[in-house]
Structure formats: structure tokens, C-alpha cells
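Heads up: the structure comes next, in C-alpha cells.
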Amino acid sequence: MSTTNKPKEPKPSSQWNRRKNTVPLNERGAFQLAQAADYLSLSITTARRLITRGLLQPLPGIRHILIERAECDRFLHAQRELAKIAA
């Protein structure tokens, strides 16, 4: 009886044991990029472009892109003000 050592099949990412953040978005002090994009109703790509253009300021010196909730609220308020002027 021979046993063959087959490599293990990797699990799909949906089955990884990730720690889930159970704090609702509206109670958080800062968001990761994807969460900030959700909060702002933007795509992740658009949120990255806004950071590159300097319209959104991420927290400095952190490995992951984190954006404070206050910064998101400031951006939304500024966009509302621009919309009023343009109308």
C-alpha cells in the first residue's frame, strides 16, 4: 500500500478564519480603505484617487490605509457645499 503525499488544497478566502469587526460603521473612529469607501458611497479605486489628489487625508505612518471618520465627514460636507455653489 503506497501513500502519495499530495499537497493540501488551499481553502477559498471565504473560509479563512478572519477576525470580523462587529462595531457598526457609524460608531468607528477610523476606517480602513474599503470601509471608508463604503461610508462615502464610493468605489475603492475612487477613494484611492481622492487620497492621491489630496482630497482625503489618511492617517500617516500606518501600514494599512486608515482614514478618520471626521475626515470622511469633512469631505462629505465639502462636497455638499460645492454642490450648493454649483446649483
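Charge tally around G54: other residues with Cβ under 15 Å, Lys/Arg +1 each, Asp/Glu -1 each, net +3. Amide hydrogen proximity for E68: with H placed 1.01 Å from N in the peptide plane, the residues at 5 or more positions away or on another chain lying under 5 Å are F31, L59. Taking all Cα pairs closer than 8 Å and separated by 6 or more residues, the relative contact order of the chain comes to 25 percent.
All of the numbers you see were taken from the coordinates with simple rules; none came from a lab. Here the structure is a predicted model, which means the values were calculated and not measured. Cβ: placed from backbone, ideal geometry, glycine included. Neighbour counts: every protein chain shown.
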